[in-house]
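Enquirer: Got a structure here, written out as structure tokens. Questions coming.
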Amino acid sequence: MTDLNPTHKILIAEDDPTIQRLYEAILSPIARVTLVKNGKEAKDLLSQGSNYHLIITDREMPVMCGLKLLTSIQHQTTPRLMISGTSTPHDLHLEVRQYGALGLYQKPFPIQEFRTIASEFLSNGNSPTLEAYFNSKYVN
């Protein structure tokens, strides 16, 4: 596991406080984590000039859902990942990618795999672990 790099920042949009705490526990050893309750709060932070190395968003949230967030920030170059606990068809994965996200990652997920994916993005700007996940899940 990569040690905390105080210059690495991850923005997480998630409305469930329990899941927020889980994400923070998983990712705070490797980066500074900022938690917001919905896509609008994430969009507001980004429009104020806040910079992040990785943006993670839930799919379904009040006020602004993850897909609307991705649509509104598709000009951003920061890697973005949508996470969903609902049944996620292949078409949604493709739609999410159209809006500049890396793709759709399904809950529940192995904690170590999730931390590895984030760590790889923070270190290299890409994640072979995430690509392997997408290939196994969405490529026929």
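Per-residue answers, yes or no, for (1) surrounded by 14 or more Cβ atoms within 10 Å (Cβ to Cβ); (2) modelled with pLDDT of 90 or more; (3) not in a helix (DSSP H, G or I):
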residue: 114; (1), (2), (3): yes, yes, no
residue: 118; (1), (2), (3): yes, yes, no
residue: 130; (1), (2), (3): yes, no, no
residue: 133; (1), (2), (3): yes, no, no
residue: 137; (1), (2), (3): yes, no, no
residue: 140; (1), (2), (3): no, no, yes
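Enquirer: Could you tell me which numbered condition residue 93 fails, if it satisfies all but one of (1) within 19 Å of residue 12 (Cβ to Cβ); (2) in contact (Cβ under 8 Å) with a residue 40 or more places away in the chain?
Expert: Unmet condition: (1).
Enquirer: I've got another one for you. Which residues, counting only those in segment 59-76, are of a type outside the set (D, E, K, R), part of a loop (DSSP other than H, G, I, E, B) and crowded, with 18+ Cβ neighbours inside 10 Å? Quick ask: steps written out before the conclusion?
Expert: Within segment 59-76, the subset of a type outside the set (D, E, K, R) is 61-67, 69-76.
With the extra rule that they be part of a loop (DSSP other than H, G, I, E, B), the set shrinks to 61-65, 73-76.
Answer for segment 59-76, where residues must be of a type outside the set (D, E, K, R), part of a loop (DSSP other than H, G, I, E, B) and crowded, with 18+ Cβ neighbours inside 10 Å: 61, 64, 65, 73.
Enquirer: Which residues, taken from segment 13-25, are surrounded by fewer than 20 Cβ atoms within 10 Å (Cβ to Cβ), closer than 11 Å to residue 115 by Cα and under 13 Å from the mean Cα position of the chain (by Cα)?
Expert: 24
Enquirer: Another question, then. Considering only residues that are of a type in the set (Asp, Glu) and either closer than 13 Å to residue 134 by Cβ or at pLDDT 80 or above (or both), which ones fall in segment 82-102?
Expert: Once the filter is applied, which keeps residues that are of a type in the set (Asp, Glu) and either closer than 13 Å to residue 134 by Cβ or at pLDDT 80 or above (or both), segment 82-102 yields only 95.
Enquirer: Where residues in segment 39-58 are surrounded by fewer than 22 Cβ atoms within 10 Å (Cβ to Cβ) and assigned to a loop (DSSP other than H, G, I, E, B), which of them is nearest to the chain's Cα centre (by Cα)?
Expert: Filtering segment 39-58 for residues that are surrounded by fewer than 22 Cβ atoms within 10 Å (Cβ to Cβ) and assigned to a loop (DSSP other than H, G, I, E, B), the one nearest to the chain's Cα centre (by Cα) comes out as 53.
Enquirer: Here are the criteria: (1) surrounded by fewer than 19 Cβ atoms within 10 Å (Cβ to Cβ); (2) under 15 Å from the mean Cα position of the chain (by Cα). Tell me which single one residue 124 does not satisfy.
Expert: The failed condition is (2).
The values are calculated or read from the model by the stated rules, or taken from the named source; none is laboratory data. Please read these numbers as outputs of a predicted model, since none were measured by experiment. Note that each Cβ is placed from the backbone with ideal geometry, even for glycine, and that neighbours are counted across all protein chains shown.
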